[in-house]
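**Student:** Supplied in structure tokens, the structure appears directly below.
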Amino acid sequence: MSEELYQVRQGDVSEETLKEIISLKNQYWVHPYESQKKWIEENLCDDDIHLLLRIDQISVAYLSICHVKITVDGTPCDMLGIGNVCVGRDFAGKGLGRAIVLAANRIIMDKGHPGALLCHDALVGFYGRLGWKLLTYDTATLAGRAYEDNVMLLQDSEQHAISVDINKNF
């Protein structure tokens, strides 16, 4: 069994790879192919990264790493956000989500940017075990709209902010 991490810039992604990505995403976020493709085109920039974990040349896990600007208490910071984390349902429970997030952590740290992710309460423990810490806040916006779920940062300790503004969905 051969395991491979495959990364490709959004600006270089092939239609075939896009189909693999959308197939994995559709197992959790069911939308027509064209709708998924449009979301990717509107929310990922050319330099953002698609990261796929493949086993025997079959894509089994996916996430995106994108450039995002997060302003915490008035101080803007360029970050790399991970999103769209998913593992093919036939491969769930085998540690592949952990493996792909840890790979993303290495990529983020190698690029020297802080990391950010957005998640529901049920996933805080999972990401916490992989080095992510909560950024609690009083108010937050995501792409100009009120945001109430969790913001986590790839850092050593939790922190609290009065206000958080995230410039785009990822």
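**Student:** Net charge within 12 Å of Pro76 by Cβ-Cβ distance, Lys/Arg positive one each and Asp/Glu negative one each, not counting Pro76 itself?
**Tutor:** Summing Lys/Arg as +1 and Asp/Glu as -1 gives -2.
**Student:** Would you work out the Kirkwood radius for the range 26-74? I mean one over the mean of 1/r across all pairs of different Cα atoms, in Å.
**Tutor:** Final number for the Kirkwood radius of the range 26-74 is 13.0 Å.
**Student:** Please give the direction-averaged projected area of the C-alpha convex hull for the range 1-157, in square nanometres with one decimal.
**Tutor:** Quarter of the Cα hull surface area: 9.7 nm².
**Student:** Would you mind counting up the charge near Trp39? Only other residues with Cβ under 14 Å from its Cβ, with Lys and Arg at +1 and Asp and Glu at -1.
**Tutor:** 0
**Student:** Longer than 26 Å from Cα to Cα, which of Lys38/Lys94; Lys111/Lys168; Lys19/Lys94 are they? Say none if no pair is.
**Tutor:** Lys38/Lys94
**Student:** Tell me, what is the Rg over Rh of the range 1-89, with Rh the Kirkwood radius over Cα pairs?
**Tutor:** 1.02
**Student:** Sort out for me the Cα centre separation of the range 1-53 from the range 124-151, rounded to whole Å.
**Tutor:** Result: 23 Å between the Cα centres.
**Student:** While we're looking at this one, here's another question. Short version: what are the Cα gyration tensor semi-axes of the range 126-170, square root of 5 times each eigenvalue, largest first, in whole Å?
**Tutor:** Its equivalent ellipsoid spans semi-axes of 20, 12, 8 Å.
**Student:** So what's the projected area for the range 5-48, the Cα convex hull averaged over all directions, in nm²?
**Tutor:** One quarter of the hull surface, i.e. the mean projection, equals 3.1 nm².
**Student:** Over the range 1-149, calculate the relative contact order: mean separation of alpha carbon pairs under 8 Å at least 6 apart, over the residue count, as a percent.
**Tutor:** Here the relative contact order equals 19 percent.
**Student:** Right, next: Probe of 1.4 angstrom, ligands and nucleic acids ignored: what's the accessible area per residue over the chain, in square angstrom?
**Tutor:** Counting only protein heavy atoms, the per-residue value for the chain is 53 Å².
**Student:** Along the principal axes of its C-alpha atoms, what lengths does the range 90-170 span, in descending order and rounded to whole Å?
**Tutor:** Principal axes ranked by extent give 37, 30, 22 Å for the Cα atoms.
**Student:** Of the heavy-atom accessible surface of the range 1-140 (probe 1.4 angstrom), what whole percent is carbon and sulfur?
**Tutor:** Roughly 50 percent, rounded to a whole number.
The values are calculated or read from the model by the stated rules, or taken from the named source; none is laboratory data. Being a predicted model, the structure only gives us computed values, none of them experimental. Virtual Cβ from ideal backbone geometry, glycine too; neighbours counted across all protein chains shown. Ligands, DNA and RNA are stripped out before the accessible areas are found, and what is left, the full protein with its side chains, is counted by its heavy atoms. Shrake-Rupley method; radii C 1.70, N 1.55, O 1.52, S 1.80 Å.
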